[in-house]
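See structure below.
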């Protein structure tokens with residue numbers, strides 16, 4: 001099955017068991033969090049992790065990473081950035097977000113085989129070369145977390 005078909009199949013079912021790690025978890029782990037929060041959700045079907053959604057609220061943008069799995073392997077990452085627009089006074093308008101960038105990463109055998117980029121993002125967030133290690137770290141976080 002093609003990666004796109006697998007991602008569609010993962011997004012289609014309902015009834016996932018969702019495990020959520022909130023801002024407090026990351027504050028306890030790292031001693032600090034980004035300006036506008038951080039969160040991780042793991043979507044499980046029959047106790048098997050199918051998808052993770054990791055959101056990071058930076059001072060100038062919100063970045064969301066959707067990690068898709070086939071078995072234990074990463075097959076696809078959808079990265080979406082929404083920016084806080086600049087104001088006439090030179091600051092940022094935190095009351096709204098505007099779409100800035102979408103990046104699709106296709107994986108095979110733990111390597112990126114294709115990247116599709118739309119738009120231009122701001123600095124910050126997960127660098128392309130760190131996607132796999134971040135994926136593995138977040139997967140461990142979900143596996144180790146038993147709630148409060």
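The values are calculated or read from the model by the stated rules, or taken from the named source; none is laboratory data. The shown structure was predicted, so the numbers you read here are calculated from the model rather than taken from an experiment. Cβ: placed from backbone, ideal geometry, glycine included. Neighbour counts: every protein chain shown.
When only residues in the range 123-148 that are modelled with pLDDT under 90 and surrounded by 15 or more Cβ atoms within 10 Å (Cβ to Cβ) count, which is nearest to residue 109 (Cα to Cα)?
126
What number goes with the only condition from (1) surrounded by fewer than 18 Cβ atoms within 10 Å (Cβ to Cβ); (2) out of contact with any helix residue (DSSP H, G or I) (no Cβ under 6 Å at 6 or more places or on another chain); (3) within 28 Å of residue 92 (Cβ to Cβ) that residue 26 does not pass?
(1)
In the set 76, 107, which member is out of contact with any helix residue (DSSP H, G or I) (no Cβ under 7 Å at 6 or more places or on another chain), part of a strand (DSSP E or B) and over 16 Å from residue 39 (Cβ atoms)?
107
Are any residues in the range 79-106 touching a residue at least 40 places away in the same chain (Cβ under 8 Å) and over 18 Å from residue 57 (Cβ atoms), and if so, which ones?
106
Inspect all residues belonging to the range 8-20 and state whether any of them is closer than 23 Å to residue 137 by Cα and in a helix (DSSP H, G or I).
The answer is yes; a qualifying residue exists.
Identify the single condition in (1) surrounded by 11 or more Cβ atoms within 10 Å (Cβ to Cβ); (2) on the phi > 0 side of the Ramachandran plot; (3) free of Cβ contacts under 8 Å to residues at least 24 places away in the same chain that residue 119 does not satisfy, given that it satisfies every other one.
(3)
List pairs: first in the range 130-144 and touching a residue at least 40 places away in the same chain (Cβ under 8 Å), second part of a helix (DSSP H, G or I) and surrounded by 11 or more Cβ atoms within 10 Å (Cβ to Cβ), Cβ under 9 Å, 6+ apart or cross-chain?
141/25; 141/26; 141/29
Considering only the range 52-61, I want to know if a residue exists there that is at pLDDT below 95, more than 10 Å from the chain's Cα centre (by Cα), within 17 Å of residue 121 (Cβ to Cβ) and assigned to a strand (DSSP E or B).
The answer is yes; a qualifying residue exists.
With the checklist (1) touching a strand residue (DSSP E or B) at 6+ places or on another chain (Cβ under 8 Å); (2) at pLDDT 90 or above; (3) more than 19 Å from residue 137 (Cβ to Cβ) in hand, flag the one item residue 44 doesn't pass.
In the conditions (1) touching a strand residue (DSSP E or B) at 6+ places or on another chain (Cβ under 8 Å); (2) at pLDDT 90 or above; (3) more than 19 Å from residue 137 (Cβ to Cβ), residue 44 misses (3) alone.
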